[in-house]
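Worksheet: the structure to be examined is printed underneath.
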Amino acid sequence: MAKVAKQIMISGIIELPQEEAVLLLEAGYLVMQMKKYQDAFLIFNGVADLIPHSDVPCIALGNLYFAQGKFDEAIKEHKRALKRNPNSALAQAQIGEVLFFQQKFSEGIAALKKAIEMDPKGLTAKFANELLNAQKKHFFDKLSVQTKSKRGK
Amino acid sequence: MSHPDIVNLGQGSIKLNVNAGGTIKTSSNLDFSTQLRKVMSQSAHLASKATSAAAPLVPGASVMSAVLSDAASSLAYPENSIAGMGGFKITGSGGNFLQSFEEMQQNMMSMNMQMIGVQRQFQQMSEQYTLASNVLKTKHDAEKNAISNIR
């Protein structure tokens, strides 16, 4: 007889199967990549309301603002994620990334170092290390000039 | 009657000229030199045509084509050239081989410099691309991990 995997339920404002939450968030990211930002916002915001204790939908919202170049709003969402889960290394690393794009390098480095301390062996630490490496090689200096010139047009 | 400078070597028809000094004798028959010049002129003309055809594709080919064209015209009209210089003009207006050669060298040098610049630029772009690629990959992995472990 085939084994049926036990469904993990997330207890938010209603009981929600984990699979469905994952599906919704992945759909939101796909829609975001299609540049349908309003639709992506509705999905992420809906999931954030459904699971009020999770940091992940807030990080997704932060990424959505970041993709639109709204850096201040992105930082607000990542900070909301940190309020929900103070141990969220990913939210901390995302703050560092946004700060680099805002040319706030010393603050960004501090945020990323904190993220590495939170989860030194995880995937987030790898992400933070790559960001630090890119910053060392002045990757974000040139990127900011390009972004500014694009906005100017 | 036998010539005083020519020695007969035995019974055969082989004769050796033993005159060490005296005047240099030149052949009055110029057919060979004319033919040679003609052939060289034609081949230079042909090479000039080939290089001019390749000029848009090969760096420096346009200069080479001009030089070969000059050489072909010099060989075709030897009265314009100085004797002993193989038919190439040294001075005068129009095509100037040495000047063209120097020009070609200068062009090649500047092209090499340009090439080095382009290579450096390409290397920088490649480095930037690698950095961006690594950042995006690790970000994607971290986010995917966070989503699949949502509780």
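Any read-out appearing in this document is the output of simple, stated calculations on the displayed coordinates, not a laboratory observation. Keep in mind that what you see is a predicted model, and the values were worked out from it rather than measured. Glycine also receives a Cβ, built like all others from the backbone with ideal geometry; neighbour counts cover every protein chain displayed.
Annotations
- For B:127-135, mean number of other protein chain Cβ atoms within 10 Å: 5
- What the Cβ-Cβ distance of residue A:39 and residue A:72 gives, at R0 = 30 Å and to the nearest 0.05, is a FRET efficiency of 0.85.
- Long-range HN-HN contacts of residue A:10 with modeled amide H, under 5 Å: A:16, A:18
- Assigned charges on the beta-carbon of Lys, Arg, Asp, Glu; region A:1-136 dipole about Cα centre (debye): 340 debye
- Using a simple spin-label model with pseudo-atoms 7 Å out from Cα toward Cβ, residue B:133 and residue B:107 lie 3.7 nm apart.
- Exercise: per-residue mean of other protein chain Cβ atoms within 10 Å, A:125-132: 5
- Think of each Lys and Arg Cβ as +1 and each Asp and Glu Cβ as -1; about the Cα centre, that makes the dipole of region A:73-145 roughly 120 debye.
- Its relative contact order, with pairs defined as Cα atoms under 8 Å and 6+ residues apart, puts region A:31-153 at 16 percent.
- Mean per-residue shielding of peptide A:78-84 is 0, counting Cβ atoms of other chains within 10 Å of each Cβ.
- In order through region A:57-73: 3J(HN,Hα) via Karplus (6.51 cos²θ - 1.76 cosθ + 1.60), integer Hz, x for Gly, Pro: x, 5, 4, 4, 5, x, 5, 5, 5, 4, 5, 8, x, 8, 6, 5, 5
- Cα convex hull of chain A, projected area averaged across orientations, nm²: 11.2 nm²
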